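Computed from the coordinates by the stated procedures, all read-outs in this text should not be read as laboratory data. Small disclaimer: the values here were computed from a predicted structure and weren't measured. For neighbour counting, all protein chains shown are included, and Cβ atoms are generated from backbone atoms with ideal geometry for every residue, glycine included.
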Amino acid sequence: MLELRHLSFSAEDNGGKAEIIRDLNLTVGDRKFVVITGPNGGGKSTLAKLVAGIEKSTGGQILFDGEDITEKSITERARMGIGFAFQQPVRFKGLTVLDLMRIAAGRKLSISEACEWLSEVGLCAKDYIRREVNASLSGGELKRIEIATVLARDVKLALFDEPEAGIDLWSFQNLIRIFENLRQTERDRTIIVISHQERILNIADEIVVIADGAVQRQGPREEILPVITGTNYAVNPCERMNGGNEA
């Protein structure tokens, strides 16, 4: 279980302090597929980075499986089973997909094991296993490879920050299929996705709406989605994918 108690985060802003997360309280149960949505600049991506340990909170507590991890490093959290997939995956010239997956897993995955994870995300393993993680890969291919690396680590909590950012509509359709499959098959782990996309919201167990750095709504998809559909919290999945960043 993930529990955030009175969490806050401030950042430097033109010589002053900007409060991005404000006394936020949130509990996410085990084996849930949760989508966090809300208006741009509301603090969604920052919240994911705070949970992963990429950013350090300025107040409050983060508990994971009952243990206070507020002061733990990103490495310590990773060892505890928290995985994070960036909005814009990093490219590594000279590093093959197999190398990357072995680093992520923390052990020497066999080629057959790595191929299984690549197949899980809809990639033909023999075409990718020896490829370099460089500019020759499209945004959609990189996103799927990054998801495979998170799964290969066998994490308890997988965080995905706007996985639809920067990919085309065809890749987005594949991404939806991957998350639908994860929701149906990966029931031993909790998955949290930061997203505006209604297609992703539609497959959530629970939806959390964050605005002005605080939780505005939280509940089952059936309860929350009708309320937010038609607002700027969710956008039409047929709109052009873009790589816009937000807080």
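Highest GNM mean-square fluctuation among Asp65, Asp99, Asp205, for the chain modelled with Cα contacts below 10 Å: Asp65.
Taking the chain as a Gaussian network of alpha-carbon nodes connected by springs under 10 Å, the highest mean-square fluctuation of the residues Gly41, Gly16, Gly139 belongs to Gly16. The amide H of Ala214, built 1.01 Å from its N in the peptide plane, has Arg22 as neighbours under 5 Å, considering only residues 5 or more places off or on other chains. If you wrap the range 39-120 in the convex hull of its Cα atoms and look at it from every side, the mean projected area works out to 7.6 nm². Calculated on C-alpha atoms, the gyration radius of the chain divided by its Kirkwood radius gives an Rg/Rh of 0.95.
Taking GluC sites (Glu not before Pro) as exposed when DSSP calls them loop and at most 14 other C-beta atoms lie within 10 angstrom, the chain has its longest site-free stretch at 72-238. How would you classify the range 1-72 from its alpha-carbon gyration tensor, with a ≥ b ≥ c the square roots of the eigenvalues: rounded for a/c under 1.5, else prolate if a/b is greater than b/c, otherwise oblate? Because a/c hits 1.5 or more and a/b fails to exceed b/c, the range 1-72 counts as oblate. Compute a Gaussian network model of the chain, connecting alpha carbons closer than 10 Å, and tell me which residue from Val155, Val34, Val227 fluctuates the most. Comparing Val155, Val34, Val227 in the GNM, the peak value goes to Val227. If a spin label sat at a point 7 angstrom from the Cα of Arg131 along the line to its beta carbon, the backbone N atoms of the range 72-103 nearer than 19 Å would be those of 86, 88-103.
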